[in-house]
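Reading through the structure tokens given below for one structure.
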Amino acid sequence: MNNRNNISQGVDWTIIWLYAILVLIGILCIFMVEYRTDTDWLQTFLSGKTNYSRQLIFAGLCTIIATFILLTDSKLFTALANLLYAFGILLMLATFVFGRNISGSKSWIPIGGGFNLQPAELCKIFTALALAKFLSRQETDFSKLKSQLIAGLIVVAPAVLSILQHELGLALVYSAFLMAMYREGLPAQILIFASSFGILVIATLILDPNILALALTIIAGIIFFLVRKQNRKSKSLLVMIVSIWLLCVGTQRFVVPYIFNNVLECYQSTRIYSMVGREYDCTLNKKSERKSGEKAVRKPDDYNVRQSKIAIGSGGLTGRGFLKGTQTRGKYVPEQHTDFIFTSLGEAFGFTGCVIFLSIYLFLLYRIVRMAERQRSTFSRVYAYSVASILFFHIAVNVSMTIGLFPIVGIPLPLISYGGSSLLTFTVLIFILLRLDADRQMVLR
């Protein structure tokens, strides 16, 4: 019998310690980039006026919420999964009416006291619960196309709303759920198709359209030559090759240019182009046209990445030392307490510190995947893989973003970047998992 009076019963304390270490590292990093030596550090920590003092307050609130989650019955999460998902979608819709515009994104709801709530962050939790709820139903046969489409719709709905809120980064995070669905039987062809589309987009940005079209034609011709014997027996194979060729050429000729010129904002297109070493002409972007009819000017957008690389590179092998950074403490790196918080680690502790830091993340992911595989309940397993996928996506994209391997899409570093919504989201994600794992002998649906 589960003893609710003992909060530690069945809980994986290793993950809790890893969580606590990462939160403390986050506060330390924010402190490193904001603290000024001519001020009293204790007073500024207690003032609630600096970002590191606010993050400490957020951490305290998250500790209370985490404790409450560990005392909650696991059945509550399965019972409320769909209701919470609907609530999350309504909150995201509410931002279009009551939302506050911050840095060009109308995805925040003011809650008073200078604090703002970002529903798109919280909706990641609700989506993970709703997806786990759907896939754990006895009547769900995930080998059927209908079930795959419903699961896809659960994930796509908040992603589309994030795009409409100009939160491309958060929208991309929802693609992480593909890994959880793949674990539950999603055909590998879908992942191959998604990866191939990404490669085609990158090739479209790098190569001349005519050269790429010629290369695709040559590849199709080679494939046709290799399977010519089968073609004589079945014309359907030839039709498939021609259809895929037409789809690829049509994508690189029409779909990709349309997305960059009509769907994405000019700064978003510029960031993606800069990742592959190309410049984007903002005069082609329909969203950048001003009301006065004045054409938008071409503007390079790699300043953030260049400064980030300089800061990380200046750390060398062992770093400049605590509070001795010249780039991050000099505020040369924009958004260094949020999206570019990794630069403070790189400059202060160097390559060695970064390796140790990323090893903590890697160990956390390993523990979560190991935890997922020991679950008796499909609900708990799907949720655990969703948590692991979301964390991995955030870590990989954020770190890649700071070193120029991925465009700047505004994705925070889990438990490290400043922000109450982000810290709350990852806290709830992790501690719901810990609660489910503590009750892993139960079969939840």
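Show the residues, 5+ positions off or on another chain, whose built amide H is closer than 5 Å to the amide H of residue 117.
109, 111
Mind putting a number on the dipole of the chain about its Cα centre? Charges go on the C-beta only, +1 for Lys and Arg and -1 for Asp and Glu, and I need it in Debye to the nearest 20.
1040 debye
7 Å from Cα along Cα→Cβ at both residue 310 and residue 94: what's the point-to-point distance in nm?
According to this spin-label approximation, the distance is 4.3 nm.
I'd like the isolated cysteines in the chain, meaning no second cysteine's beta-carbon lies under 4.7 angstrom from theirs.
29, 62, 123, 248, 354
Can you show me the helix-derived [θ] at 222 nm for the chain, built from DSSP H runs with n ≥ 4 at -39,500 (n - 2.57) apiece and divided by the number of residues, rounded to the nearest 500.
Using -39500 (n - 2.57) per qualifying helix, the result is -21000 deg cm²/dmol.
Using alpha carbons only, what's the Rg to Rh ratio of the chain with Rh from Kirkwood?
In the chain, Rg relative to Rh is 0.99.
State, to one decimal in nm, how far the label point of residue 374 lies from the label point of residue 164, with both points 7 Å from Cα in the Cβ direction.
Taking the two extended label points, one gets 4.3 nm.
Between residue 359 and residue 47, take the C-beta separation as r, use R0 = 56 Å, and let me know the FRET efficiency to the nearest 0.05.
The calculated FRET efficiency here is 0.95.
Taking N as the number of residues in segment 194-288, what is its Cα Rg relative to 2.2 N^0.38 Å?
In units of the 2.2 N^0.38 Å rule of thumb, it is 1.31.
With θ set to phi - 60°, apply the Karplus curve 6.51 cos²θ - 1.76 cosθ + 1.60 along segment 67-74 and write out the HN-Hα couplings as whole Hz, x wherever there is a Gly or Pro.
Rounded to whole hertz, the list is 4, 4, 5, 5, 8, 8, 6, 4.
Tally Lys/Arg at +1 and Asp/Glu at -1 over every other residue whose Cβ is under 14 Å from the Cβ of residue 12; what's the total?
Neighbourhood net charge equals +2.
Taking the Cα centre of the chain as the origin and placing charges on Cβ (Lys, Arg +1; Asp, Glu -1), which of 319, 39, 117 is farthest toward the positive end of the dipole?
It is 117.
Between residue 208 and residue 39, what's the calculated FRET efficiency when r is the beta-carbon distance and R0 is 60 Å? Round to 0.05.
The pair residue 208/residue 39 has a calculated efficiency of 0.60.
If we sort 255-267, 184-196, 165-177 on the protection proxy, mean other Cβ atoms within 10 Å, highest first, what's the order?
The packing order, highest mean first, is 165-177, 255-267, 184-196.
Once phi is turned into θ = phi - 60°, what whole-Hz ³J(HN,Hα) does the Karplus curve with 6.51, -1.76 and 1.60 give for every residue of segment 357-369, x standing for Gly and Pro?
3J(HN,Hα) across segment 357-369, in whole Hz: 4, 5, 5, 5, 4, 4, 5, 4, 4, 4, 5, 5, 5.
Mind ranking 386-393, 319-326 by how tightly packed they are, going by the mean number of other C-beta atoms within 10 angstrom, highest first?
386-393, 319-326
Would you mind calculating the gained length between residue 9 and residue 238 on full extension (0.36 nm times residue separation, minus the Cα-Cα distance), in nm to one decimal?
Net length gain for the segment: 76.3 nm.
For the chain, with the dipole built from +1 on Lys and Arg beta-carbon atoms and -1 on Asp and Glu ones, taken about the Cα centre, which of 30, 201, 129 lies farthest toward the positive end?
The residue sitting farthest along the positive end of the dipole is 201.
Near residue 87, within a Cβ-to-Cβ distance under 15 Å, what is the net charge of the other residues, with Lys and Arg +1 and Asp and Glu -1?
With Lys, Arg at +1 and Asp, Glu at -1, the net is +1.
Read the figures in this text as sums done on the coordinates, not as results from a lab. Nothing here was measured: the structure is a model prediction, and the numbers come from that model. With ideal geometry, Cβ positions are generated from the backbone for all residues, glycine too; neighbour counts draw on all protein chains shown.
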